[in-house]
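Chemist: The structure that follows is given in the form of structure tokens.
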Amino acid sequence: MREDAYSDLHWYQWHSRYDDLESDDTDRLEVVQEVLASVLDTAPSGALAAVSVCAGQARDLLPVLIHHPRGHDVSARLVELDPLNASFLHGAIGSTGLTGIDLVVGDGGEINSYHGALPADLVLLAGVFAHIDMLDVHRTIASLPAFCRPGGVVVWSSYGPGMINADAVLAQFESGAFQRHRVIHGTRADFLVAAHRYTGPRGEFPSGQRLFSFK
Ligand SMILES: C[S@@+](CC[C@H](N)C(=O)[O-])C[C@H]1O[C@@H](n2cnc3c(N)ncnc32)[C@H](O)[C@@H]1O
């Protein structure tokens with residue numbers, strides 16, 4: 001968790017970038033939403049489970065669940081550490097009319113935050129790979145088979161000063177049990193939004209393993 005200048009207020013204010021409809025962040029948000037909608041378009045029929053790691057204000061996932069015809073089939077676990085963002089989420093979830101969305105106010109790098117929510121059909125890591133180091137990126141990707149139901153999709157993004165080495169990250173996903181579903185590079189801004197489908201067997205819930213810490 002960031003300290004000093006990056007206080008709780010910082011992560012709350014960070015989301016105001018999305019209020020500027022012309023911003024690079026809003027461009028990226030729209031791409032993430034489009035990719036999430038494409039995952040729901042191709043999802044199997046019946047109940048679906050999603051998790052959002054470091055959900056922030058869930059401006060990515062919640063609007064898609066509200067508007068997509070499959071949105072009401074999705075139960076979701078949102079994990080967010082910042083108490084102000086968590087209050088925002090409590091209000092936002094309450095006004096969506098969606099049932100089955102639960103919020104863990106806790107550490108997304110701690111595997112127990114996902115207890116009872118795995119395996120998932122949709123795992124969202126929006127922005128996480130812009131704020132952790134490469135070792136943690138690799139460790140997190142290595143744990144993702146345990147997050148996914150076979151056929152489940154991981155949607156992830158990176159951008160800005162913390163932009164990951166995209167080739168290395170794509171190679172790690174694609175040399176394992178993940179198949180490329182979408183990879184979209186920003187045109188105006190430097191960002192990457194990708195989705196990978198898990199093709200391996202159902203994994204066990206991992207115990208006691210730390211995934212990442214924010215820089
Ligand atoms: C860059 S924002 C991304 C938010 C959202 N996923 C998006 O892309 O719009 C990072 C979010 O992660 C939260 N965060 C930081 N460290 C965290 C941790 N260890 N566990 C859970 N959330 C964390 C911050 O409070 C912030 O809301």
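Chemist: Please work out which one of (1) over 20 Å from Ser157 (Cα atoms); (2) open to solvent by 10 Å² or more (accessible area, probe 1.4 Å) is the condition Gly71 fails and give its number.
Modeler: (2)
Chemist: State the number of residues belonging to region 142-161 that are over 22 Å from Thr42 (Cβ atoms) and either buried (at least 20 other Cβ atoms within 10 Å of the Cβ) or charged (D, E, K, R) (or both). Quick ask: steps written out before the conclusion?
Modeler: Within region 142-161, the subset over 22 Å from Thr42 (Cβ atoms) is 142-143, 146, 158-161.
Those left that are additionally either buried (at least 20 other Cβ atoms within 10 Å of the Cβ) or charged (D, E, K, R) (or both): 158-159.
Count: 2.
Chemist: Next question. Just to be sure, is Ala86 touching a residue at least 24 places away in the same chain (Cβ under 8 Å) and of a type in the set (A, V, I, L, M)?
Modeler: On the way: touching a residue at least 24 places away in the same chain (Cβ under 8 Å): no; of a type in the set (A, V, I, L, M): yes.
Spelling it out, it is not the case that Ala86 is touching a residue at least 24 places away in the same chain (Cβ under 8 Å) and of a type in the set (A, V, I, L, M).
Chemist: Further question on the same structure: Taking region 94-104 as the region of interest, how many residues are within 15 Å of the ligand (Cβ to nearest atom) and more than 15 Å from the chain's Cα centre (by Cα)?
Modeler: 0
Chemist: Which of the residues belonging to region 64-78 are free of Cβ contacts under 8 Å to residues at least 40 places away in the same chain, away from the ligand (no atom under 12 Å from the Cβ) and touching a Leu at 6+ places or on another chain (Cβ under 6 Å)?
Modeler: Val64, Leu65, His68, Arg70, Gly71, Asp73
Chemist: State yes or no: is Ala195 in contact (Cβ under 8 Å) with a residue 40 or more places away in the chain, open to solvent by less than 20 Å² (accessible area, probe 1.4 Å) and assigned to a loop (DSSP other than H, G, I, E, B)? Before the answer, list the steps.
Modeler: Working: in contact (Cβ under 8 Å) with a residue 40 or more places away in the chain: yes; open to solvent by less than 20 Å² (accessible area, probe 1.4 Å): yes; assigned to a loop (DSSP other than H, G, I, E, B): no.
So Ala195 does not fit the description; no.
Chemist: Is it the case, given these coordinates, that Val169 is among the aliphatic types (A, V, I, L, M), in contact (Cβ under 8 Å) with a residue 40 or more places away in the chain and within 14 Å of the ligand (Cβ to nearest atom)? Don't jump to the end; show me each part of the working.
Modeler: Values: among the aliphatic types (A, V, I, L, M): yes; in contact (Cβ under 8 Å) with a residue 40 or more places away in the chain: yes; within 14 Å of the ligand (Cβ to nearest atom): no.
Against the criterion (among the aliphatic types (A, V, I, L, M), in contact (Cβ under 8 Å) with a residue 40 or more places away in the chain and within 14 Å of the ligand (Cβ to nearest atom)), Val169 does not qualify.
Chemist: Given the options Leu21, Leu29, Leu81, name the one that is open to solvent by 60 Å² or more (accessible area, probe 1.4 Å) and near the ligand (Cβ under 9 Å from one of its atoms). Spell out the reasoning first.
Modeler: Numbers: Leu21 fails: near the ligand (Cβ under 9 Å from one of its atoms); Leu29 fails: open to solvent by 60 Å² or more (accessible area, probe 1.4 Å).
One residue alone meets the criteria, Leu81.
Chemist: Filter region 107-129 for residues that are within 9 Å of the ligand (Cβ to nearest atom) and open to solvent by 10 Å² or more (accessible area, probe 1.4 Å); which is nearest to the chain's Cα centre (by Cα)? Full working, then the answer.
Modeler: Our first condition is that a residue be within 9 Å of the ligand (Cβ to nearest atom); within region 107-129, this holds for 107-110, 113, 124-128.
Applying the additional criterion that residues be open to solvent by 10 Å² or more (accessible area, probe 1.4 Å) yields 107, 110, 113, 126.
On the way: Asp107: 14, Glu110: 15, Ser113: 14, Ala126: 4 Å.
Among residues in region 107-129 that are within 9 Å of the ligand (Cβ to nearest atom) and open to solvent by 10 Å² or more (accessible area, probe 1.4 Å), the one nearest to the chain's Cα centre (by Cα) is Ala126.
Chemist: Moving on. Given the criteria free of Cβ contacts under 8 Å to residues at least 60 places away in the same chain, surrounded by fewer than 21 Cβ atoms within 10 Å (Cβ to Cβ) and closer than 18 Å to Leu125 by Cβ, does Ala37 qualify? Steps first, please.
Modeler: On the way: free of Cβ contacts under 8 Å to residues at least 60 places away in the same chain: yes; surrounded by fewer than 21 Cβ atoms within 10 Å (Cβ to Cβ): yes; closer than 18 Å to Leu125 by Cβ: yes.
In short, yes.
Chemist: Looking at region 131-140, which of its residues are open to solvent by less than 10 Å² (accessible area, probe 1.4 Å) and part of a helix (DSSP H, G or I)? Reasoning before the result, please.
Modeler: So in region 131-140, the residues open to solvent by less than 10 Å² (accessible area, probe 1.4 Å) come out as 132, 137, 140.
Val137, Thr140, listed by residue number.
Chemist: Output the residue which, of all residues in region 197-215 that are more than 16 Å from the ligand (Cβ to nearest atom) and among the charged types (D, E, K, R), is farthest from Ala43 (Cα to Cα). Give the derivation first.
Modeler: Going residue by residue through region 197-215, those that are more than 16 Å from the ligand (Cβ to nearest atom) are 197-208.
Next, from what is left, pick out any that are among the charged types (D, E, K, R): 197, 202, 204.
Details: Arg197: 11, Arg202: 17, Glu204: 22 Å.
Only one residue tops the list, namely Glu204.
Chemist: Would you mention how many residues in region 141-160 are of a type outside the set (Val, Ile, Thr), within 16 Å of the ligand (Cβ to nearest atom) and part of a strand (DSSP E or B)?
Modeler: Adding up the residues that qualify gives 4.
The values are calculated or read from the model by the stated rules, or taken from the named source; none is laboratory data. Keep in mind it's a predicted model, so treat the numbers as computed, not measured. Note: ideal-geometry Cβ built from the backbone for every residue, glycine included; neighbour counts use all protein chains shown. Just the protein is used for accessible areas: all its heavy atoms, side chains included, with ligands, DNA and RNA removed. Shrake-Rupley method; radii C 1.70, N 1.55, O 1.52, S 1.80 Å.
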